[in-house]
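What follows is a single structure, and I will ask about it in a moment.
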């Protein structure tokens, strides 16, 4: 698998992140591929990501998919901001 894009994004509260998008094969217990998602990997532009890079997954239909539903609440806030920023960038709202 290869990386599709490398970009940067700013969240609504003005935090800046580098991110890459690459395909991610989700498999079942038998190892068969059941879906291919887009994996977004985020790092803060200042070179830090609190403990690790943030990862989000999106279906081809544009829905966010939770691979690890038990994330800490602080991280949930960051992930929510990143999802909002990506959605706004990919689907700008016309006024």
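Return the residues of the stretch 8-21 that are surrounded by fewer than 15 Cβ atoms within 10 Å (Cβ to Cβ) and without any contact (Cβ under 8 Å) to a residue 24 or more places away in the chain; say none if nothing qualifies.
The initial filter retains those residues of the stretch 8-21 that are surrounded by fewer than 15 Cβ atoms within 10 Å (Cβ to Cβ), namely 8, 10, 12-14, 16.
Within the stretch 8-21, 14 is the sole residue that qualifies.
List pairs: first in the stretch 54-74 and surrounded by 10 or more Cβ atoms within 10 Å (Cβ to Cβ), second at pLDDT 85 or above and part of a loop (DSSP other than H, G, I, E, B), Cβ under 9 Å, 6+ apart or cross-chain?
Qualifying pairs under 9 Å: 65/59.
The values are calculated or read from the model by the stated rules, or taken from the named source; none is laboratory data. If you're wondering where the values come from, they're calculated on a predicted model, not measured in any experiment. Cβ coordinates were reconstructed from backbone atoms using ideal geometry, including for glycine residues, and neighbour counts include every protein chain displayed.
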